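The structure under discussion appears below in the form of structure tokens.
The values are calculated or read from the model by the stated rules, or taken from the named source; none is laboratory data. Quantities reported herein were computed from a predicted structural model and do not represent experimental measurements. Cβ: placed from backbone, ideal geometry, glycine included. Neighbour counts: every protein chain shown.
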Amino acid sequence: MRLVQDEGDARAFEVVFDRHADAAFSLAYRMCGRRALAEDVVQEAFLSLWRSGARYDPARGSVRAWVLRVTHNRAIDAFRRGAAKDSLDVADEGAAERVPAREMTDEEVHRREDAREIRSALDDLPSDQRQVIELAYFGGFSHTQIAEMLGLPAGTVKGRMRLGITKMRLALGEGTEVAA
Amino acid sequence: MSEWRPENRDCSGDPAAYVLGALEPDEVDAFREHMVTCVVCRDEVATFERVADVLPSAVPQYRVPRSLRKRVMREVRAHPRAPEQPPRRAWPISLSLIPRPALAAASLAAAAVIAIVVIATASGGSGARLLNASVVGLPGSAQVRVAHGRAELIVRDFPSPPAGHIYEVWLERGSAPPAPTNTLFSVNSAGTADVGVSGSLRGVSAVLVTPEPNGGSPVPTHAPVIVARLD
């Protein structure tokens, strides 16, 4: 991403933050379950992008997808350090501010329509497949942890993940991609 | 957790678990090595990643707290990044420098970086071109910096080669078979390598990278995992 890696351009980085931080925070909030931990994850994710000068490869998806992958990985790192696992069942403090529909830009409205389709594709999965995908992606649990939780062989858990993600791909179509 | 052994394990469930972040940390490294040689897994990861990438859209959307924005931008302004390095001169790596296979990968990558930094301070370089390379079926990115008829390969977030293997750089000229170079490399623990490519770029149409048995190979034995078109 030239926007970010060019000579330490803080202003360009600010633009990237403003465009994608809501999505990153929403993902982290869903994964961590607590605002303070979600903030830590997002801060760590963006600062790691800044400090490393990580190179963005347009061939591998949009800037948004890249930022969200880093955020997801940071949240999983936090889980594996034991920082957030205990908080997954903690009730939301209710302090985070939802994006109000009336303030959404056209771009956000479009994204919300896409989000509805994606949510629907996830909800339409057989419950056993949706469960393992949600536990893995949003819960940050490994396949062995999920197998233990559900009392299933690890191979069964991975098989359900594969079936579920394949069905979602078919439901969403070949052009599935995160907008820039 | 069982040890990941591609020769005796069904890998069909691993691509989905990988893109969902559900493999154990040690399995991730092993699976990345496996992907170097398993085209089926590479293709599935590329396909499944597109689904995993949209999953965040399925969650309720919140505004990022303004206090967080202030904290991040304060840190960013307090710690500006160093400007990008000036174009670097290529640094050829000789096969004869490789002592033992396992040590070779790490020592070559480290030595190359040190040498490049030293040389870069002595040469400003001009007229350099930075070209994006295609990474085929693996995570990570690659670029080739071309200056003064030489190339430097810059690899980021790239998996280590499979056990007993090393990455080898090839130069392709027109329709002729790729010619081997003396450049062998691996990546460090962060998946990074900056490697000078030996040999002149005269007539070269593409720089290729393949995983090869330690010590290199006179002919490619695997499909390229990095392709940089120079023309």
Practice task
Looking only at segment A:24-46, decide whether some residue is under 24 Å from B:Thr192 (Cβ atoms), among the charged types (D, E, K, R), modelled with pLDDT of 85 or more and surrounded by fewer than 20 Cβ atoms within 10 Å (Cβ to Cβ).
Solution key: yes
Practice task
Give me a count of the residues in segment B:187-230 that are without any contact (Cβ under 8 Å) to a residue 12 or more places away in the chain and more than 14 Å from the chain's Cα centre (by Cα).
Solution key: 1
Exercise for the section: Within segment A:3-14, identify whether any single residue is modelled with pLDDT of 80 or more, more than 9 Å from chain B (Cβ to nearest Cβ) and touching a helix residue (DSSP H, G or I) at 6+ places or on another chain (Cβ under 9 Å), and answer yes or no. Expected result: yes
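Limited to segment A:135-155, what total is found for residues that are more than 9 Å from chain B (Cβ to nearest Cβ) and assigned to a helix (DSSP H, G or I)?
The total comes to 4.
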Problem - 1 or more residues of a type in the set (Asp, Glu) and at negative phi: qualifying strands (runs of 3 or more DSSP E) within segment B:130-223 - result: B:150-156, B:165-172, B:193-197, B:206-213
Exercise for the section: Scan B:Val54, B:Val36, B:Val72, B:Val28 and give me the residue that is out of contact with any Phe, Trp or Tyr (no Cβ under 6 Å at 6 or more places or on another chain) and within 7 Å of another protein chain (Cβ to nearest Cβ). Expected result: B:Val54
Fill in the blank from the handout: Among A:Arg81, A:Arg116, A:Arg160, A:Arg130, the single one that is under 27 Å from A:His20 (Cβ atoms), more than 8 Å from chain B (Cβ to nearest Cβ) and at pLDDT 95 or above is A:Arg130
Completion exercise
Among residues of segment B:14-43 being of a type in the set (D, E, K, R), closer than 19 Å to B:Pro211 by Cβ and touching a helix residue (DSSP H, G or I) at 6+ places or on another chain (Cβ under 7 Å), the residue surrounded by the fewest Cβ atoms within 10 Å (Cβ to Cβ) is B:Arg42
Problem - Counted residues, segment B:1-23 - those being part of a loop (DSSP other than H, G, I, E, B) and at pLDDT below 90 - result: 10
